[in-house]
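The values are calculated or read from the model by the stated rules, or taken from the named source; none is laboratory data. Keep in mind the model is a prediction, meaning the values are calculated, not measured. For neighbour counting, all protein chains shown are included, and Cβ atoms are generated from backbone atoms with ideal geometry for every residue, glycine included. These accessible areas exclude ligands, DNA and RNA; they are computed on the full protein's heavy atoms, side chains included. Shrake-Rupley method; radii C 1.70, N 1.55, O 1.52, S 1.80 Å.
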Amino acid sequence: GVTRLLLTRIPFFKEIIVSSFSCPSCSWSNTEIQAAGRIQEQGVRYTLAVTSRQDMNREVVKTDCASARIPELDFEIPAFSQKGVLTTIEGIIDRAVAGLEQDQPARRATDKEVARKIDEFIGKLRQLKEVSSPFTFVLDDPSGNSFVENPRAPQRDEALVVTHYRRSPQQCALLGLEVDATPPDAAEDLRDEVLQFNTNCPECNAPASTNMKLVQIPHFKEVIIMATNCDSCGHRTNEVKSGGAIEPQGTRITLRITDPSDMTRDILKSETCSVEIPELEFELGMGALGGKFTTLEGLLKDIRDLVEKNPFTLGDSSTPSRTGKLQEFIGKLQDVKGKAQAHFIMDDPAGNSYLQNVYAPEEDPELSVQRYERTFEQNEELGLNDMRTEGYEPEPASRR
């Protein structure tokens, strides 16, 4: 016969090798798939709630080391019992039915009771194809190379739950991988993984999800970036928190804006950082706008939105004189983003803010960073005056 190989890529998944064999003498044919990449860092488990005939047509990549389960029937296709295949949910059920029917004639002759029970089970599997009642399809692959199609990609599929997990030593042994006796570092897991937890949208209070990632900023430190997206109202928000401790000294960063290219500099503004633009007589106190990781242009845009969306400044409650001054300020702020030169000052008593040095690791002639000792009032605002990190253990009772 003839074996044909095809390297193809599945959208929103990865590359696979499809092999097809056909025999012209007996017309027998067979297809198999193999992952074109390496074994993934984590295993994957797909849980699909099948509720319609359209779900039966979803494409499925099932490798030879993956197991498939239908909990409602207590049915499972064990790992390494079939070759890898590119098929659909309906195709997997048909393949299971064909495997059960293969030895039925011999069973009917030797053990009619077992053959009758298998026939009943085959009937239940065939009823699943009609989707008269919903059922759950679970595909578990410790190699991480299996796949269940999301027809709504790149949007989220409510019926499909994808779970990544760390392989057990037994699963590593089945895959022929060396088992690392040393436990993984929890901090390393956080650096390589995007954590997700459920929350409510701050705008419409609808259920939403927040993604959290630990990121290393070059020439600075680690920070935690949290982003929330609401599928109901489309609201998006992001927040940045320092991943380290409060620095021993405060930081005052001054940038002289001389060119429009300065607007592309990355900025990390912590919650304790205040912003000042002397040429505009403008000052933004700590706590306003929260923590942000953006560019200088993005931060100036947020400042403009903060002024424009305040109903007491440009709304019906404002006075003509105040409105005129604020409109003039917005015009000057727009000039800073384009042609006017100005000084942009970030003062953070906690020392956890950052402004990109485009000449790093060399010194930036337009950027100056000053370290200073915090005052008693600044330590009071940060809660450091009453914080004890040493000698807080209770003294043992004196013995009589």
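Quick notes on this one:
- Restricting attention to the range 61-72 and to residues that are of a type outside the set (Lys, Arg) and at pLDDT 90 or above, the residue that is farthest from Phe137 (Cα to Cα) turns out to be Ala66.
- Here Val138 passes the criteria (1) in a loop (DSSP other than H, G, I, E, B); (2) at pLDDT 85 or above; (3) not charged (D, E, K, R) except the one numbered (1).
- Complete set of residues in the range 53-73 that are outside any helix (DSSP H, G or I) and closer than 19 Å to Val131 by Cβ: Asn57, Arg58, Glu59, Val60, Ala68, Arg69, Ile70
- In the range 355-364, the residues that are open to solvent by less than 100 Å² (accessible area, probe 1.4 Å) and free of Cβ contacts under 8 Å to residues at least 24 places away in the same chain: Asp364
- Of all the criteria given as (1) open to solvent by less than 50 Å² (accessible area, probe 1.4 Å); (2) of a type in the set (A, V, I, L, M, F, W, C); (3) within 31 Å of the chain's Cα centre (by Cα), the one not satisfied by Ile39 is (1).
- Condition met for Asp94 (over 30 Å from Gly176 (Cβ atoms) and over 31 Å from the mean Cα position of the chain (by Cα)): yes
- Residue match in the range 201-209 (condition: under 27 Å from the mean Cα position of the chain (by Cα), within 30 Å of Glu41 (Cβ to Cβ) and not polar (S, T, N, Q)): yes
- Answer residue from the range 19-36, given it is of a type outside the set (S, T, N, Q) and at pLDDT below 80 and is surrounded by the most Cβ atoms within 10 Å (Cβ to Cβ) among those: Ile33
- Among the candidates Leu86, Leu48, Leu73, residue that is more than 29 Å from the chain's Cα centre (by Cα) and either more than 27 Å from Cys172 (Cβ to Cβ) or among the aliphatic types (A, V, I, L, M) (or both): Leu73
- Ser318 passes every criterion in (1) assigned to a loop (DSSP other than H, G, I, E, B); (2) modelled with pLDDT of 80 or more; (3) surrounded by 13 or more Cβ atoms within 10 Å (Cβ to Cβ) apart from (2).
- Within the range 141-169, if we keep just the residues that are within 15 Å of Arg69 (Cα to Cα) and part of a loop (DSSP other than H, G, I, E, B), the residue that is least open to solvent (accessible area, probe 1.4 Å) turns out to be Ser146.
- Answer residue from the range 248-286, given it is aliphatic (A, V, I, L, M) and more than 23 Å from Ile330 (Cβ to Cβ) and is surrounded by the most Cβ atoms within 10 Å (Cβ to Cβ) among those: Leu268
- Search result, residues across the range 109-123 that are assigned to a helix (DSSP H, G or I), charged (D, E, K, R) and exposed (fewer than 14 other Cβ atoms within 10 Å of the Cβ): Lys112, Glu113, Arg116, Lys117, Glu120
- Members of the range 91-108 found to be open to solvent by 40 Å² or more (accessible area, probe 1.4 Å) and either in contact with a helix residue (DSSP H, G or I) (Cβ under 8 Å, 6 or more places away or on another chain) or not assigned by the TED database to the domain that holds Val18 (or both), listed by number: Leu100, Glu101, Arg107, Arg108
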